[in-house]
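*Asks:* Submitted below is the structure of interest, expressed as structure tokens.
Derivation of every value follows stated rules applied to the coordinates shown; laboratory data play no part. Note that this is a predicted model, so its numbers are computed, not measured.
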Amino acid sequence: MQTLYDSSWRKMWLSKPRGCMDGIYVSRNTYIRPGVAEWKVTNPVHVVCYFRYLRFYPSGKFLYKNSSDKLKVVVKFMKFRSTKAEICHSGRYTMSDDKVTGYNTRG
């Protein structure tokens, strides 16, 4: 450990993956899409916004969903025992030294 992290607990803490198991990770994504110009000289554009939600469980399972819905709506579906859990995708993950690897279990 001394040679790998230069005897620094901070370097070790920052290099090891740690997952939050009691919340939901949210990534906000935006992109610009060209619109249809009808009888105009200028070209309209649309800003599209969607969210990617991830929830990890200590058992090695995770749920994820891509949606334009707000967190308040999606949090109801991000439970394995939810009746609407089929709306979300599920998978399994493993944590190694410095990587989190996941794979989809539903097609």
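*Asks:* Suppose the chain between residue 43 and residue 66 were pulled fully straight at 0.36 nm per residue; how much longer would it get relative to their current alpha carbon spacing?
*Replies:* Numbers: separation 23, 0.36 × 23 = 8.28 nm, distance 2.84 nm.
Here the answer is 5.4 nm.
*Asks:* Using only alpha carbon pairs under 8 Å that are at least six residues apart, calculate the relative contact order of the chain and give it in whole percent.
*Replies:* Numbers: 156 pairs, mean separation 22.0, N = 107.
It rounds to 21 percent for the chain.
*Asks:* Let me ask something else. So what is the 222 nm mean residue ellipticity for the chain from helices alone, if each DSSP H run of at least 4 adds -39500 (n - 2.57) and you divide by all residues, rounding to the nearest 500 deg cm²/dmol?
*Replies:* On the way: 3 runs with 15 residues, N = 107.
So the calculated ellipticity at 222 nm is -2500 deg cm²/dmol.
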